[in-house]
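Notes follow once the structure below has been shown.
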Amino acid sequence: MENASDRCHGPVAPGWTTSLVVTAGSFTVQRRSDDPEHRARLVQIAALLRSVAHPGVEAFVALEDDGGSTTLVTAFAGGRDLSTGAPRRARDLARLGAAILGTLADLHDLGVTHGPLTASAVRLHADDPVLCGFADGRSYPVGERASWWGARAADERSVGRLLVDLLDAAAPTRRHRIIERADRARLRRLAERIARGDPDGATAATGALRRLSGRRRRRRQSGRRDVRSRS
C-alpha cells in the first residue's frame, strides 16, 4: 500500500512518505525521503531504534540508501492504534497508561525520549501498547542529560493528556455501572495530575495506575471469599 499516512505507524510526519509493505507474508512500515534534511532525520531515528530494541517500541528492521533517497524500515506492530482501538473501561485504560509509562521509563533510562504521545502513536498488539512514530524522538548522550530532564518530563505529561483524551472520547453514560463511573472519576483525577507533572514522579503515577487497574478484580475476589466464610 503506497503513500499510506504515517498513522499506520505513528502520527503524520511531513517530510517523508510512509508505506505499509507486505514481503513474504510479513508486514513492514517504510518511511522514505529524498530531501537531505529529512534523510538525515531518518538516519537519526534508525540509530535511536537500533539502540532501544524494546518490546514496547516499534522494531528497527533496516536502513536503506540508494544514493538519492533514504528509507527507514520498521516492523509493523499490528493491531490498531488508540485513535480507533482504545479500551473503554477505566481499569483497562489505567493498565494501558501504566504500561506506557513503564516503557517510557525504560527508554529514559537509556537517555531516549519519544516526544509528545498521541493516540495515533500507540498501537495495541495483543492488548500491549507499542510506541511508534519517533519523529520527535531523541537520544541524549550522557553529557547532554541536563536538557534531557525537560524532554523526559514532557513525555510523562503527554501520557496524562493522552489518558484524558481517551476518557473524553468514551464519556460515561447512564448505562455505566456506579463502580465504573467512580473508577473513571479516579482515573481522570490521576491523569490530570500526570498531565500537570506529578510531583511524586512517574514511578508513583505508574503504581497508582496499576492499583486502579486491579482494584475491581480484587474487590470481586474478596467478595467471594466473604461469601464462602459465611457459609
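Read-outs throughout are calculated quantities, based only on the coordinates presented, and are distinct from any laboratory measurement. Keep in mind that this is a model prediction, so the values were computed, not measured. All Cβ positions, glycine included, derive from the backbone under ideal geometry; neighbour counts span all protein chains shown.
Between Glu37 and Ala75, what is the label-to-label distance in nm when each label sits 7 Å out along the Cα-to-Cβ direction?
3.4 nm
So for the pair Arg196, Asp109, with labels modelled 7 Å out along Cα→Cβ, what separation do we get in nm?
Taking the simple label geometry, Arg196 and Asp109 are separated by 3.0 nm.
Determine the shape class of the range 61-153: with a ≥ b ≥ c the square roots of the Cα gyration tensor eigenvalues, call it rounded for a/c under 1.5, and otherwise prolate if a/b is greater than b/c, oblate otherwise.
oblate
Of Phe134, Leu190, Ile179, whose Cα points farthest to the positive end of the dipole of the range 78-212 (charges on the beta-carbon: +1 Lys, Arg; -1 Asp, Glu; origin at the Cα centre)?
In the range 78-212, that residue is Ile179.
Using modelled amide H (1.01 Å from N, peptide plane; none on Pro or chain starts), what sits under 5 Å from the amide H of Tyr140, excluding residues fewer than 5 places away?
Amide H neighbours of Tyr140: Val112, Thr113.
Estimate the FRET efficiency between Arg211 and Gln44 by the formula 1/(1 + (r/R0)^6), using the beta-carbon distance for r and 45 Å for R0, to the nearest 0.05.
Numbers: r = 38 Å, r/R0 = 0.84.
After rounding, the FRET efficiency stands at 0.75.
Under 13 Å from a label point 7 Å along Cα→Cβ of Ala126: give me every residue in the range 25-61 with its amide N that close.
Residues passing the 13 Å test: 55-56.
In nanometres, what is the gap between the two model label sites at Thr23 and Thr84, each 7 Å from Cα along Cα-to-Cβ?
For Thr23 paired with Thr84, the spin-label model returns 2.4 nm.
Mind putting a number on the dipole of the range 22-115 about its Cα centre? Charges go on the C-beta only, +1 for Lys and Arg and -1 for Asp and Glu, and I need it in Debye to the nearest 20.
Roughly 560 debye for the range 22-115.
So, with +1 on the Cβ of K and R and -1 on the Cβ of D and E, and no other charges, what is the size of the charge dipole of the range 119-165 about its Cα centre, to the nearest 20 debye?
160 debye
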